[in-house]
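Here the structure comes first, spelled out in structure tokens, and everything after it is commentary.
The values are calculated or read from the model by the stated rules, or taken from the named source; none is laboratory data. Predicted model, so just to flag it, every value in this text is computed and none were measured. Glycine gets a Cβ as well: all are built from the backbone with ideal geometry, and neighbour counts include every protein chain shown. These accessible areas exclude ligands, DNA and RNA; they are computed on the full protein's heavy atoms, side chains included. Shrake-Rupley method; radii C 1.70, N 1.55, O 1.52, S 1.80 Å.
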Amino acid sequence: MAAIGTNIGRAISQLDKGDLVGIPTETVYGLAGNAYDESAVLKIFRVKDRPSFDPLIAHTDSIEKIKEFVKEVPDIAMDLARAFWPGPLTVLLPKKKKIPYLLTAGLKTVAVRIPDHPLTLELLRQLEYPLAAPSANPFGYVSPTTAQHVQDQLGAKIPYILDGGPCRVGIESTIIGFEDHKPVVYRLGGKKIEEIEKLVGTVRIRTNMSSDPTAPGMLKSHYSPKKRIVVGNLDQLIDKFTPGRVAVISFSKDYTAVPAERKFILSPSGDLEEAAANLFSALRKMDKADASFIVAEFVPDEGLGRAINDRLTRAQAK
Ligand code: TXA
Ligand code: MG
């Protein structure tokens, strides 16, 4: 099993050797390796069992460092960076040679992000290379939001996990790129579209459910628990599946007839940010509950609710 701790020095010495380390971010935990080291990047794909057509995100701590590995930062990207970094936003930029094509799955752009977590920012500050880091889960499964989640699934395959506590945002970063110099969102995530649009005007949203590898985070089936999950009207679903044993994920309502160990209320007060922070833990807990499947409901489709609904939709697609 991996050692878990808060020792940045230990993380650095593993990373310098080409090993992988679990790292906390404000969104989800990442499985990190030296982005300039092709063999470390290859390890990431192997450990996650991730198909090679699905590109990774490069993480660093400053715009100066980003300029070492991207050809240019367009003005809109700079505005977004200044407003939202460090934070849950990933920007696609033209890569320089230093970034291996393995990392970008052959694409000419590299996904870049400055994450907002004190421990990881300090780690990145001390490194001379960016960290390639996908979410630290086996490909297709729910992303991890605690060090223990990483340990549970990848602990046997990596030496060290930096423990930064539970992730504050709890849902992956919003991914934005540019087509004809206009911003396009490829993945709904922790940075609200409303906030992005306030800064750069209307953005196109292209999170279609195809297998189009230009943004494979949009793969139709993703973020899935092992149990089957059905998303819809909970009153009807619970009724329909009674007396079967269902596990229930509700937004704010307590389904009192369902025993405590088989239900998870994302936010009793109906707060979308709290719901986002709890979503992946809820999916993991209910996946382990003594039930034959999971039923859940959509949340209001605004703010972080859009990203929550996106993840629920993909979780139920099989
Ligand atoms: O919040 C996050 O973004 C987390 C934390 C660890 O930073 N990372 C994360 O990585 O969610 P991952 O690998 O699970 O998802 C990254 C997604 C890929 O699936 C892909 O869709 C997209 O980023 N991506 C990466 N590079 C891309 C590129 N050049 N063009 C289009 N999409 C890209
Ligand atoms: Mg992922």
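At 1.4 Å probe radius, can you tell me the per residue accessible area of the chain in Å²? Walk me through the intermediate numbers first.
Numbers: 13340 Å² over 318 residues.
Per residue, the chain has 42 Å² of solvent-accessible surface.
Given the options GLN14, GLN236, GLN151, which has the most mean-square fluctuation in a GNM of the chain, springs set between C-alpha atoms less than 10 angstrom apart?
Top of the fluctuation ranking is GLN236.
Name all residues of the stretch 177-200 having a backbone nitrogen under 15 Å from the label point set 7 Å from the Cα of ARG206 along its Cα→Cβ direction, giving them as ranges.
177-188
Just to verify a number: FRET efficiency for SER39 and PHE139, C-beta to C-beta distance, R0 = 25 Å, to 0.05?
0.80
Starting from the residue with the highest accessible area, list LYS182, LYS198 in decreasing order, probe 1.4 Å.
Per-residue accessible area, sorted high to low, gives LYS198, LYS182.
In straight Cα distance, which aspartates and glutamates are under 15 Å from LYS182, not counting same-chain residues fewer than 8 positions off?
Candidates past the 8-residue exclusion: ASP75, ASP79, GLU197.
How many angstrom lie between the C-alpha centres of the stretch 14-41 and the stretch 254-318?
Comparing the Cα centres of the stretch 14-41 and the stretch 254-318, I get a distance of 29 Å.
Mind checking which of TYR129, MET1, ALA296 is farthest towards the positive end of the chain's charge dipole, using Cβ charges of +1 (Lys, Arg) and -1 (Asp, Glu) about the Cα centre?
MET1
Which one, SER250, SER267, MET286, is farthest towards the positive end of the dipole of the stretch 244-292 when Lys and Arg carry +1 and Asp and Glu -1 on their Cβ?
Farthest towards the positive end: MET286.
Express in Å², to the nearest 10, the accessible area of ARG245 obtained by rolling a 1.4 Å probe over the protein heavy atoms while all chains stay in place.
110 Å²
Roughly how many percent of the accessible protein surface of the stretch 163-212 is carbon and sulfur, given a 1.4 Å probe and a whole-percent answer?
Accessible surface attributable to carbon and sulfur in the stretch 163-212 totals 49 percent.
Mind giving me the FRET efficiency for GLU197 and SER292? R0 is 41 Å, r the Cβ-Cβ distance, nearest 0.05 is fine.
0.45
Could you tell me the accessible area of TYR186 in Å² (1.4 Å probe, neighbours in place), rounded to the nearest ten?
20 Å²
With just the Cα atoms defining each centre, how far is the stretch 145-185 from the stretch 56-122? Give it in Å.
15 Å
Compute, for the stretch 1-135, the length of the dipole vector about the Cα centre, with Cβ point charges of +1 (Lys, Arg) and -1 (Asp, Glu) only. Units Debye, rounded to 20. The partial results should precede the final answer.
On the way: 17 positive and 16 negative charges, 75 e Å.
Magnitude of the dipole: close to 360 debye.
Tally up the carbon and sulfur contribution to the accessible surface of the stretch 74-146 as a whole percent, 1.4 Å probe, everything protein left in place. The partial results should precede the final answer.
Numbers: 1490 of 2680 Å².
Heavy-atom surface of the stretch 74-146 belonging to carbon and sulfur, 1.4 Å probe: 56 percent.
Please report, in debye to the nearest 20, how large the charge dipole of the chain is about its Cα centre when each Lys and Arg carries +1 at its beta carbon and each Asp and Glu carries -1 there. Intermediate results must be reported in sequence, preceding the final value.
On the way: 42 positive and 38 negative charges, 189 e Å.
Rounded to the nearest 20 debye, it is 900 debye.
Mind checking which aspartates and glutamates have their C-alpha under 12 Å from LYS157, skipping anything on the same chain fewer than 8 residues away?
ASP19, ASP49
How much of the DSSP beta bridge set in the stretch 17-115 is antiparallel, as a percent to the nearest 5?
Among the beta bridges of the stretch 17-115, antiparallel pairing accounts for roughly 75 percent.
If the cut-off is a Cα-Cα distance under 17 Å, which lysines reach LYS263, setting aside same-chain residues fewer than 8 apart in sequence?
Hits, sequence-local ones excluded: LYS226, LYS227, LYS240, LYS253, LYS285, LYS288.
Give me the one-decimal nm value for the distance between modelled label points at GLU68 and SER52, 7 Å along each residue's Cα-to-Cβ direction.
2.8 nm
Where in the stretch 268-302 does the label zone of LYS227 land, with the point 7 angstrom along Cα→C-beta and an amide N cut-off under 16 Å?
Within reach of a label on LYS227, which here means backbone N under 16 Å from a point 7 Å along Cα→Cβ, the stretch 268-302 contributes 279-297.
Using a 1.4 angstrom probe and counting only protein chains, how large is the accessible area of THR104 in Å², to 10?
0 Å²
Quick one: ranking GLU38, GLU297, GLU122 by accessible area, 1.4 Å probe, largest first, what do you get?
Numbers: GLU38 110, GLU297 40, GLU122 60 Å².
Solvent-accessible surface, decreasing: GLU38, GLU122, GLU297.
How much length, in nm to one decimal, is gained on full extension between GLU179 and ASP254, taken as 0.36 nm per residue of separation minus their Cα-Cα distance?
22.6 nm
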